[in-house]
Amino acid sequence: MCGLAGVARARPQGVSAQLLERMAAAIRHRGPDGFGLHADDRIGLAHVRLSVIDVAGGAQPMANEDGDVRVVYNGEIYNYLELRHELQLRGHVFRTRSDTEVLVHGYEQWGEGLLERLNGQFAFALHDRRTASLFLARDRFGILPLFYAERGGDLYFASEIKALFASGAVEQALDPEGLDEVFTFWAARPPRTPFRGIRALEPGTWARWRDGALSVRRYYTLDLATAEAEPADAVERLDELLRSGVRLRMRADVPVGGYLSGGLDSSIACALAAQGSPYHLRTFSVTFDDPPLDESAFQQAVATQLGSRHAVQRIGGGAIARVFPDVVRHAETPLLRTAPAPLYLLSRLTREQGIKVVLTGEGSDEVFLGYDLFKETLVRLFCLRQPDSRWRPRLFDRLYGYLPPQARKGDFWRRFFLNAGSPDDPLFSHLPRFRLTTRIRDFYADRFRAGLGAFDALGELRQSLPPGFMGWSPLGRAAYLEIVTLLSPYLLAAQGDRMAMAHGVEARVPFLDHRLVEFALRLPDRSRLRGLREKAILRRWAEGTLPPAITRRPKQPYRAPDVPAFFAGTEPEYVAELLDAASLQRTGIFNPEAVTGLVRRCRAGLATGVGENQALVAILSTELWHREFLGAPARERAPASSGELGAGASIAA
Amino acid sequence: MDQQTTGPAQSEIVDRARAYVRENFLYMRPDWTLGDEDPLLGSGVIDSIGVIELVEFLQGAFRLAIAEEEITEQNLGTLAAIGRFVHQKCHANGSGGSVRPRQVA
């Protein structure tokens, strides 16, 4: 994986090497192994490289034989060998062994139709000199990022927003609506970002820029319609897809390791990797000193069974607070949880241990219905069918076993779910979560709230739902919402790509092989969630492959300490600085009086509920985010010379 | 220290509960006027964790024990309901309010 950046000019006024170098330097962490750029009178392309496939020959930007088509690309095309063979049969001549060259010739051959043929995770920018156009594309689920901003007819684009700012041409300002979406969904919903005028290319879409005009098209849509019955060969088909998905993701010229959470999904990925790896498999885990959060016994059980060389990143007191400012800088968005921070530390450990590619278990909970939210949806529907039943609501007490007992007690706890919304509301499944999250709005400064006007994040989400949405089952609708509001914009981004790439580690996601996703989403709901047993078919498959302690273990959500991370021990200096009333007043997003009340409760150890934990992390990360990105122009701070780009730099102008 | 022999008056319970709710659950909304009959739940004032905090406050402040089955909207859904419920409990078992309740931070 790598990083890309560039500029497309509306008029032929050229793109300076210095501009491209500045943009590339801002994302150098994504590609420490090499650097390249290409510039002509209309287009500038820059690339920082993490060498994984064809280490010697895969330098970018990469062009076809006559230079008509040139690409900068971040990602992996896992079926590149098959596509290369097909293109060779059609007369294309390849000069390297890299997957990048498949994009060049594939685009020549199929145009945008290339995208449907790709199995992988990717974001790329391709200059087509024949049509004087620039083509941008992003993978189906948004595993890899791509942002852009239009300024005066020119288009600036990059893997991370900090590269856009480093150009000096893109305004650094907040977008209140983007922030309000963060405080509703945990992340802004693409194409929106928390920054004014900066867009995220939506997952599953491409964009073409020509003569100063940009058009965006969708090439992939999610279909959550399920089959009536489970196919007789469902487990065999699942076996083929899991093995094929992992086998393809083991393709690399460097060793591939695995993240091991201790849960079912990452254990499956690592087990299949161990079977297919030519190397002694390396696995990596986060452990917590706080026992309720710690899964080390399960991680160790799997590592022992797989015989992997296992390394752990221990998260003790103060660890999260120490790196949190860096985490926010890489995430480029306010956060509602500290959960990305341990993964930031884990990627650092992984890289230090010499591994730069890992498999992860992301995506499985969404497509195999693993989250408690899906069970909660079923229980709410079950209760609402007999609203007077006294025993039905007691099922809620069984759902959140990992919460302290005092947190799930009594009539009110149950009413929270039952009164959250009507089953006729398209957002029914997510209304309890959205309702809890939007309590952060109570802390808004009056002026910030006024600036939002009539903006309605939930209303916009309802408007965006695809035709046929209400025809899907309640769980299908819930899975769709989970994928578009949380998986793509938060789990794969702020908690996924950005934390891994902070230290130049590429995370590969076998459960998001689109063939596996389409197979799983088509299965009847009961094949995946049987009663209150999640991921049923996946467990059936895993019996015999993994220790019973793993296959029979209920899902434990990955969590990290939130308020205690900052207040349980020595409070970091930046907390008092940023949450000081005068500082909050200057930033203007939150009401200083309200935040002072919250901080008082945090310091007294009283802020134990989800709402106050989310609010504290949201407010603190927003202030860090504001200081990092809106405090001073990035151009003044970004390294400006090509010397900053270090070894391996090459310029092809 | 004041000594009381008959337990706190209902109005005192309501006032102390209001002060506690304002300080701990409405600190972010200082302009919110909290009337005796305003719902505490469903309106977003108190969530399920908050209910437990409120119960702990009432138990400590008025020296009484509240069972899980008593944690209902009828008993705790408004300040007035809290006043009635706590007053009744204090007088029913005779234990509540015999000593000036301790302050809860």
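The values are calculated or read from the model by the stated rules, or taken from the named source; none is laboratory data. Predicted model, so just to flag it, every value in this text is computed and none were measured. All Cβ positions, glycine included, derive from the backbone under ideal geometry; neighbour counts span all protein chains shown.
Taken residue by residue, region A:91-104 has at least one member that is under 20 Å from residue A:202 (Cα atoms) and either surrounded by fewer than 16 Cβ atoms within 10 Å (Cβ to Cβ) or in contact with a helix residue (DSSP H, G or I) (Cβ under 8 Å, 6 or more places away or on another chain) (or both). Which members of region B:45-76 meet the condition of being part of a loop (DSSP other than H, G, I, E, B), in contact (Cβ under 8 Å) with a residue 24 or more places away in the chain and more than 9 Å from chain A (Cβ to nearest Cβ)? Of everything in region B:45-76, those that are part of a loop (DSSP other than H, G, I, E, B), in contact (Cβ under 8 Å) with a residue 24 or more places away in the chain and more than 9 Å from chain A (Cβ to nearest Cβ) turn out to be B:45, B:63, B:64.
Residue pairs whose Cβ atoms lie under 9 Å apart, separated by 6 or more positions or on different chains, with the first residue in region A:54-82 and surrounded by fewer than 18 Cβ atoms within 10 Å (Cβ to Cβ) and aliphatic (A, V, I, L, M) and the second modelled with pLDDT of 85 or more and assigned to a helix (DSSP H, G or I), are A:81/A:102. Taken over region A:431-480, the criterion of being in contact with a strand residue (DSSP E or B) (Cβ under 6 Å, 6 or more places away or on another chain) and more than 14 Å from chain B (Cβ to nearest Cβ) is satisfied by no residue.
Quick one: is residue B:81 surrounded by fewer than 21 Cβ atoms within 10 Å (Cβ to Cβ), more than 10 Å from chain A (Cβ to nearest Cβ) and in contact (Cβ under 8 Å) with a residue 40 or more places away in the chain? Considered against the rule, which asks whether it is surrounded by fewer than 21 Cβ atoms within 10 Å (Cβ to Cβ), more than 10 Å from chain A (Cβ to nearest Cβ) and in contact (Cβ under 8 Å) with a residue 40 or more places away in the chain, residue B:81 comes out as no. For region B:24-40, the tally of residues that are more than 7 Å from every other protein chain (Cβ to nearest Cβ) and either under 15 Å from residue A:441 (Cβ atoms) or among the β-branched types (Val, Ile, Thr) (or both) stands at 4.
When you scan region A:589-605, how many residues do you find that are assigned to a loop (DSSP other than H, G, I, E, B) and either touching a Ser or Thr at 6+ places or on another chain (Cβ under 7 Å) or surrounded by 16 or more Cβ atoms within 10 Å (Cβ to Cβ) (or both)? Qualifying residue count for the region: 2. Can you spot a residue in region A:608-620 that is at pLDDT 85 or above, outside the structural domain of residue A:180 (by TED's automatic domain parsing), more than 19 Å from residue B:29 (Cβ to Cβ) and in a helix (DSSP H, G or I)? Yes, that holds for at least one residue. Just one of (1) basic (Lys, Arg); (2) closer than 18 Å to residue B:27 by Cβ; (3) more than 13 Å from chain B (Cβ to nearest Cβ) fails for residue A:603. It is (3). Could you say which residue among A:326, A:290, A:372 is touching a helix residue (DSSP H, G or I) at 6+ places or on another chain (Cβ under 9 Å) and not assigned by TED's automatic domain parsing to the domain that holds residue A:258? Only one candidate passes the filter, namely A:372. Evaluating residue A:445 against the criteria (1) under 20 Å from the mean Cα position of the chain (by Cα); (2) surrounded by fewer than 21 Cβ atoms within 10 Å (Cβ to Cβ) leaves one unmet condition, (1).
Per the listing A:321, A:297, the residue uniquely at pLDDT 95 or above and not in a strand (DSSP E or B) is A:321. Tell me, yes or no, whether region B:44-56 has at least one residue that is under 11 Å from the mean Cα position of the chain (by Cα), modelled with pLDDT of 95 or more and within 22 Å of residue A:606 (Cβ to Cβ). Checked region B:44-56: no residue is under 11 Å from the mean Cα position of the chain (by Cα), modelled with pLDDT of 95 or more and within 22 Å of residue A:606 (Cβ to Cβ).
If you go through region A:123-166 and keep only what is of a type in the set (Lys, Arg) and in a strand (DSSP E or B), you end up with A:138, A:151. Of everything in region A:534-588 that is surrounded by 15 or more Cβ atoms within 10 Å (Cβ to Cβ) and among the hydroxyl-bearing types (Ser, Thr, Tyr), the residue that is farthest from residue B:30 (Cα to Cα) is A:545. Within region A:251-266, if we keep just the residues that are in a loop (DSSP other than H, G, I, E, B) and among the small types (Gly, Ala, Ser), the residue that is farthest from residue A:307 (Cα to Cα) turns out to be A:252.
Listed by position, the strands (runs of 3 or more DSSP E) inside region A:1-76 whose residues that are touching a strand residue (DSSP E or B) at 6+ places or on another chain (Cβ under 9 Å) and not hydrophobic (A, V, I, L, M, F, W, C) number at least 3 are A:34-39, A:43-49. Among the numbered conditions (1) within 18 Å of residue A:182 (Cβ to Cβ); (2) at the interface with chain B (Cβ under 10 Å from one of its Cβ atoms); (3) of a type in the set (Val, Ile, Thr), the only one that residue A:589 does not meet is (2).
Scanning region A:546-561 for residues that are assigned to a loop (DSSP other than H, G, I, E, B) and touching a Ser or Thr at 6+ places or on another chain (Cβ under 8 Å) returns A:558, A:560, A:561.
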